[in-house]
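The values are calculated or read from the model by the stated rules, or taken from the named source; none is laboratory data. Note that this is a predicted model, so its numbers are computed, not measured. Cβ placement follows ideal geometry from the backbone for every residue including glycine, while neighbour counts extend to all protein chains displayed.
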Amino acid sequence: MTTSDNTATVTPLDSATAMQRLGQGACDALTDEMIGRLSETISNGMTLLDQINRSGLDKAIPVLAQMAQNGDLERVAQMARLIGSAQDSLTDEMVGRLTEMVSGGMTLLDQVNRNGAARLINILTRLETVEAMLEGVQEAAHSVERNPPPAGLRGLWKMITDRDNHKVMHFFMAVGKELQQRCSKGC
């Protein structure tokens, strides 16, 4: 229907007819394959929603939203990329060498444990004792430099008659005898 100014007026009946024709054209354009894919997509979507509800993922969504707002989610993604890159960059040869190195370290630890870790600790303890003795000798040398003994016969007599000096001489004589016995058995 047209009016005097050559514009078409649309009646509700024309609109309904146009909509009916549009719907009919859409139905004619749909193929069985398109309907099958559409129903499969809807089915997969419903399955996904069911899995989300059953797994409790709805509780994780607020945490993920907060991580996204704070920038933590981006950092987690970057860390995952870093780990993925590290995994990709490892070659079979590198993994083999790392495994061999760890295996060698474990073997070494086992051998140390079997062949006398206690003996090694005993040796280290003795080294600490020797170190303490050498520090004592060094401190005694500094003490003598700071306080030299009196010179002459009087100083010698005083040193010989001092009771503490007797103990020291007795100690060094015992040490000398012990060293002599051990060296005679084979050092």
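Condition test on ARG114, is it surrounded by fewer than 10 Cβ atoms within 10 Å (Cβ to Cβ) and at pLDDT 85 or above? No; evaluated as a whole, the condition is false for this residue. With the structure loaded, tell me whether GLU74 is surrounded by 10 or more Cβ atoms within 10 Å (Cβ to Cβ), outside any loop (DSSP other than H, G, I, E, B) and either basic (Lys, Arg) or more than 31 Å from the chain's Cα centre (by Cα) (or both) or whether it fails that test. In short, no. Each residue in the range 55-92 was checked for being charged (D, E, K, R) and modelled with pLDDT under 85, and 4 of them qualify. Of the residues in the range 124-132, not one is charged (D, E, K, R) and over 24 Å from PHE172 (Cα atoms).
When ARG163, ARG97 are checked against the criterion of being modelled with pLDDT of 85 or more and surrounded by 10 or more Cβ atoms within 10 Å (Cβ to Cβ), ARG97 stands alone in meeting it. Among the residues of the range 62-71, count how many are among the aliphatic types (A, V, I, L, M) and either loosely packed, with under 10 Cβ neighbours inside 10 Å or touching a strand residue (DSSP E or B) at 6+ places or on another chain (Cβ under 7 Å) (or both). Here the count works out to 0.
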